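Here is the structure we will look at.
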Amino acid sequence: MHLVSRMGHHETTIFTEISALAVRHDAVNLGQGFPDTDAALREAVAAALESGQNQYPPLSGRPDLLAAIAAHQRHWYGLEVDPASQVLVTVGATEAVAATILAFCEPGDEVVMFAPFYDAYAGVVDLAGAVRRTCPLAFPDFAVDEDALRAAFTDRTRLVLLNTPHNPTGKVFSRPELELIARLAVEHDAWVVTDEVYEHLTFGVPHVPIATLPGMAERTLTVSSAGKTFSVTGWKVGWVTGPAPAVAAVAAVKQYLTFGAGGPFQAGVAAGLGLPDETFHSLRDALQAKRDLLVDALTSLGLPVAVPAGTYFVVADMAPLGVTDALALARELPARAGVAAIPVTVFHDDPDADPTLLRFAFCKRDDVLREGARRLSRLLG
């Protein structure tokens, strides 16, 4: 039997491929964005486990987590959401984005996106039968070009898919950029779906949720998760907030995807969201120091670097090393230098886009980052 995938992408992602190569060659994995430390939320999870809270949580999520998410949005951003009707807990932010796109898009609808984009977005848009319309973000500043963004909108635009802070570039969208996106969304009567999983990991610049802009709360679905903020990526606890009818539409899809999962982990996340502000600040500051360590190491090798304003990632241009194909280099690096990284071209529909850029993850222990930098210096040898 011949099976044909609806998705126009490889069955195995570049992340799976590069991580496997990293294991095979005992390479320092600066490719995939998972930390090698975790946060101190385990007591709440252990208590939930020990007290027998191990069955299905409600479809919308545990009540204590729903309340914690609503309180978080109010505390950090002044956004008022009803935990009973405007919050939905999901299996990570990826499910939140997927369920939202599947709920809102019919075949032929168009989704405006910023390229490069997190690869799961493309897969879900394909699954929905929708069409991607991309606005390019160019190295090294990754600024939004107004003309290019306007050109991406048409009378078929259904959604704008925003990611800020942005993976893979580390860009944090500025208020003027967000205001432009908001104006165009209103002009075209489009919804905005904003993935804000790195919301607490910005360095010296504010994270501005687009839902806080005038008139945008009623047309915005905001997605986030615990994985990046608390360094617990394996817990897969995310959420979506927004207008009650829109959240109900997303829940109607989610019930046929996973219904509910991770009940004890939801308890841990509820505890985490209630931690003092200083906890969030200290996690951010520790990560900023790691960013600086890796940026300094890459620039010392003579590589142009886009210094990230947020996220786990830094993008470097390998062209000074004579590289013309970063995808080929990424496949060679684990064996050649003992380091794993991800080529930025895989975050594009255009296979020729950003041909010399690599994305490195700095959410690792300092000794791991230093060893990765030492191994990368072999490329100059």
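The values are calculated or read from the model by the stated rules, or taken from the named source; none is laboratory data. The structure displayed is predicted, hence computed values, not measured ones. Backbone-built Cβ (ideal geometry, glycine too); neighbour counts: all protein chains shown. The accessibility values were calculated without ligands, DNA or RNA, using every heavy atom of the protein model including side chains. Shrake-Rupley method; radii C 1.70, N 1.55, O 1.52, S 1.80 Å.
Could you give every pair whose Cβ atoms fall below 7 Å, whose first residue belongs to the stretch 171-183 and is touching a residue at least 12 places away in the same chain (Cβ under 8 Å) and open to solvent by less than 30 Å² (accessible area, probe 1.4 Å), and whose second residue is among the β-branched types (Val, Ile, Thr) and in a loop (DSSP other than H, G, I, E, B), counting only separations of at least 6 or pairs across chains? If the second residue must be among the β-branched types (Val, Ile, Thr) and in a loop (DSSP other than H, G, I, E, B), the pairs left are Val172/Thr164; Val172/Val205; Phe173/Thr164; Glu177/Val144; Leu178/Val208; Leu180/Val144. Out of curiosity, is Ala316 of a type in the set (A, V, I, L, M), within 19 Å of Arg374 (Cα to Cα), touching a residue at least 60 places away in the same chain (Cβ under 8 Å) and open to solvent by less than 10 Å² (accessible area, probe 1.4 Å)? In short, no.
The set of residues from the stretch 353-368 being closer than 21 Å to Pro304 by Cβ and either at pLDDT below 95 or basic (Lys, Arg) (or both) comprises just one member, Arg359. Inside the stretch 134-179, residues that are part of a strand (DSSP E or B) and over 19 Å from the mean Cα position of the chain (by Cα) make up a count of 2. Pairing each residue of the stretch 216-227 that is in a strand (DSSP E or B) with any residue that is of a type in the set (Asp, Glu), provided the two are 6+ apart or on different chains, yields C-beta distances under 7 Å for Thr222/Glu196; Val223/Asp195; Val223/Glu196; Ser224/Glu196; Ser224/Glu199.
Would you confirm whether any residue within the stretch 265-281 is more than 30 Å from Glu106 (Cα to Cα) and touching a Lys or Arg at 6+ places or on another chain (Cβ under 6 Å)? Yes, because at least one residue in the stretch 265-281 is more than 30 Å from Glu106 (Cα to Cα) and touching a Lys or Arg at 6+ places or on another chain (Cβ under 6 Å). Filtered by the rule that a residue be under 15 Å from Leu376 (Cβ atoms), out of contact with any Leu (no Cβ under 8 Å at 6 or more places or on another chain) and outside any loop (DSSP other than H, G, I, E, B), the stretch 289-308 gives Val295, Asp296, Thr299, Ser300.
Could you list, in sequence order, all residues of the stretch 267-288 that are of a type in the set (A, V, I, L, M, F, W, C) and either within 20 Å of Val314 (Cα to Cα) or part of a helix (DSSP H, G or I) (or both)? Even if it seems obvious, please write down each step before you answer.
Let us first name the residues in the stretch 267-288 that are of a type in the set (A, V, I, L, M, F, W, C), namely 267, 269-271, 273, 275, 280, 283, 286-287.
Correct list: Ala267, Val269, Ala270, Ala271, Leu273, Phe280, Leu283, Ala286, Leu287.
Of the residues making up the stretch 319-340, those that are in a helix (DSSP H, G or I), open to solvent by 10 Å² or more (accessible area, probe 1.4 Å) and small (Gly, Ala, Ser) are Ala319, Ala328, Ala335.
Just one of (1) modelled with pLDDT under 95; (2) open to solvent by less than 20 Å² (accessible area, probe 1.4 Å) fails for Leu221. It is (1). Scanning the stretch 74-93 for residues that are within 25 Å of Leu201 (Cα to Cα) and either of a type in the set (Gly, Ala, Ser) or open to solvent by less than 10 Å² (accessible area, probe 1.4 Å) (or both) turns up Gly78, Val87, Leu88, Val89, Thr90, Gly92, Ala93.
Restrict the check to the stretch 192-209 and report whether at least one residue is out of contact with any strand residue (DSSP E or B) (no Cβ under 7 Å at 6 or more places or on another chain) and part of a helix (DSSP H, G or I). Among the residues of the stretch 192-209, not one is out of contact with any strand residue (DSSP E or B) (no Cβ under 7 Å at 6 or more places or on another chain) and part of a helix (DSSP H, G or I), which makes the answer no.
In the stretch 354-381, the residues that are without any contact (Cβ under 8 Å) to a residue 60 or more places away in the chain reach residues that are open to solvent by 10 Å² or more (accessible area, probe 1.4 Å) and in a strand (DSSP E or B) with C-beta atoms within less than 7 angstrom, at least six apart or across chains, in these pairs: Thr356/Asp317.
Residues Ala226, Ala246: which one is of a type in the set (A, V, I, L, M, F, W, C), within 28 Å of Cys105 (Cβ to Cβ) and buried (at least 24 other Cβ atoms within 10 Å of the Cβ)? Step by step, each of Ala226, Ala246 is checked, and only Ala226 is of a type in the set (A, V, I, L, M, F, W, C), within 28 Å of Cys105 (Cβ to Cβ) and buried (at least 24 other Cβ atoms within 10 Å of the Cβ). Would the stretch 121-131 turn up any residue that is without any contact (Cβ under 8 Å) to a residue 40 or more places away in the chain and either open to solvent by 60 Å² or more (accessible area, probe 1.4 Å) or under 24 Å from Pro176 (Cα atoms) (or both)? Yes: the stretch 121-131 contains one or more residues that are without any contact (Cβ under 8 Å) to a residue 40 or more places away in the chain and either open to solvent by 60 Å² or more (accessible area, probe 1.4 Å) or under 24 Å from Pro176 (Cα atoms) (or both). Filtered by the rule that a residue be of a type in the set (Lys, Arg) and either more than 21 Å from the chain's Cα centre (by Cα) or open to solvent by less than 50 Å² (accessible area, probe 1.4 Å) (or both), the stretch 249-296 gives Lys254, Lys290, Arg291. Of the residues making up the stretch 341-377, those that are open to solvent by less than 30 Å² (accessible area, probe 1.4 Å) and of a type in the set (Lys, Arg) are Arg359, Lys364.
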